[in-house]
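Visitor: Have a look at this one before I ask anything.
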Amino acid sequence: MRLTHTQLERFREDGFLILPSLFSESEVGTLRSELPRLFAERRPENFREKESDAVRTAMGLHLRSEVYSRAVRHPRLVEPAMQILGDALYVQQVKVNAKEAFSGDVWQWHYDFATHHGEDGVPEPLALNLHIFLDEVNEFNGPLVFIRGSHRRGPAPATLDTETTSYPLWVVDNDNVTRLIDAGGLVAAKGPPGTALIFGDTLVHGSSINMSPWPRMIFSLILNPVSNALTRHRRPDHQHHRDLTPVVPLADDCLLASVGAG
Ligand code: SIN
Ligand code: MN
């Protein structure tokens, strides 16, 4: 799959793309069907919320599930990333952020490169974050909110926050967030299941708590050029994978073909 010239321009201008209906109901169903088993596991890859036992984020999924090992090679995610980055890409991080009904906690204002650089010594802000909505995401269940164009005014100063939630994150302070919002405004990324997002490493984003009765599960794949790989191994493999083998896209129907068929 190739992005159009207009989509590429939008991406460069805004720092993100929202791609409605990129994945079908049955593809989303395949991805969702694995989650009860994966979320039930007690292992370090499953981070639980600070105030409850609900899974906040479940990582390393391509090493725990055949379905997710296909998802990270899906051509509708990998080919646009290759088109933008023009390089051999490795799978940096693979997760589902759950944001459970009534208990899903905030993701503070941040941009991913602050963590990729601060924790893992990634040299340049090149990585792309590719999302697939596994639920409807609406204004009530904690959509990702992007500060439009913030990637062009950054990277903003960031500090490590280990207190606010169960997940340590390098965050941006309120003064810088205000300055960036004044310049670019906010966009909430909403849509039905199967909607996809692409956003860059210095785009400032966050999401509020889920007070609604509707869960908000989102699959996230981070791809990074092999030439821009991590230089520090402080975090466990599931937070930044060490396997730098370039990802090779599978066939377009890879999530529909029966598991075990190759
Ligand atoms: C979220 O799941 O709301 C935040 C995800 C991210 O920061 O990529
Ligand atoms: Mn992020």
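Visitor: May I ask for the equivalent-ellipsoid semi-axes of the chain, computed as the square root of five times each C-alpha gyration tensor eigenvalue and listed largest first in whole Å?
Guide: 24, 22, 19
Visitor: I've got another one for you. What distance in nm separates the two pseudo spin-label positions at Phe39 and Asp87, each 7 Å out from Cα along the beta-carbon direction?
Guide: Rounded to a tenth, the inter-label distance reads 3.5 nm.
Visitor: Suppose a student asked you for the relative contact order of the chain, using Cα pairs under 8 Å spaced at least 6 residues apart; what percent would you report?
Guide: Once normalised by length, the contact order is 34 percent.
Visitor: For Lys50, give me every one of the aspartates and glutamates with a C-alpha distance below 16 angstrom, ignoring sequence neighbours fewer than eight places off in its own chain.
Guide: Answer for Lys50, where 16 Å is the Cα cut-off: Glu100, Asp105, Asp161, Glu163, listed by chain and number.
Visitor: Given labels modelled 7 Å from the Cα in the Cβ direction, how far is it in nm from Asp252 to Arg152?
Guide: For the pair Asp252/Arg152, the computed spacing is 3.3 nm.
Visitor: Determine the gain in length on full extension of the stretch Val226-Glu163; use 0.36 nm per residue of separation and subtract their C-alpha separation, reporting nm with one decimal.
Guide: Full extension of this stretch gives 19.5 nm more.
Visitor: Choose one of Val106, Leu19, Leu63: the residue whose Cα lies farthest towards the positive end of the charge dipole of the stretch 18-110 (beta-carbon charges +1 Lys, Arg; -1 Asp, Glu; about the Cα centre).
Guide: The residue sitting most towards the positive pole is Leu63.
Visitor: Can you find, among Thr178, Leu130, Pro155, the residue farthest towards the positive end of the dipole of the stretch 5-228? Put +1 on the C-beta of Lys and Arg, -1 on that of Asp and Glu.
Guide: Leu130
Visitor: Also: Based on the Cβ-Cβ distance from Asp53 to Glu9, what FRET efficiency comes out when R0 is 41 Å, to the nearest 0.05?
Guide: Using R0 = 41 Å, I get an efficiency of 0.40.
Visitor: Give, as a single signed number, the net charge of other residues whose beta carbon lies under 13 Å from the beta carbon of Ser150, with Lys and Arg counted +1 and Asp and Glu -1.
Guide: Counting the neighbours of Ser150, the net charge comes to -1.
Visitor: Give the longest segment of the chain that steers clear of GluC sites (Glu not before Pro) in DSSP loops with at most 13 neighbouring Cβ atoms within 10 Å, not counting the sites themselves.
Guide: Longest gap between qualifying sites, sites excluded: 164-262.
Visitor: Mind jotting down the distance between the C-alpha centroids of the stretch 49-75 and the stretch 126-173, whole Å?
Guide: Here the answer is 18 Å between Cα centres.
Visitor: Still on this structure, please answer the following. Whole Å is fine, so just give me how far the alpha carbon centre of the stretch 1-23 lies from that of the stretch 97-111.
Guide: A separation of 25 Å, based on Cα centres.
Visitor: Evaluate the relative contact order of the stretch 1-92 (contact order divided by residue number), counting alpha-carbon pairs under 8 angstrom at least 6 apart; express in whole percent.
Guide: Computed over the stretch 1-92, the figure is 28 percent.
Visitor: Would you work out the charge dipole size for the chain about its Cα centre, treating the Cβ of every Lys and Arg as +1 and the Cβ of every Asp and Glu as -1, and quote it to the nearest 20 debye?
Guide: Value, rounded to 20: 240 debye.
Visitor: Within straight cross-link reach of Lys190, meaning Cα distance under 16 Å, which lysines are found once same-chain residues fewer than 8 apart are removed?
Guide: The qualifying lysines are Lys99.
Throughout, read-outs are computed from the coordinates displayed, never taken from laboratory work. Not measured: the values here are computed from a predicted model. Please note: Cβ atoms are built from the backbone with ideal geometry, for glycine as well, and neighbour counts cover all protein chains shown.
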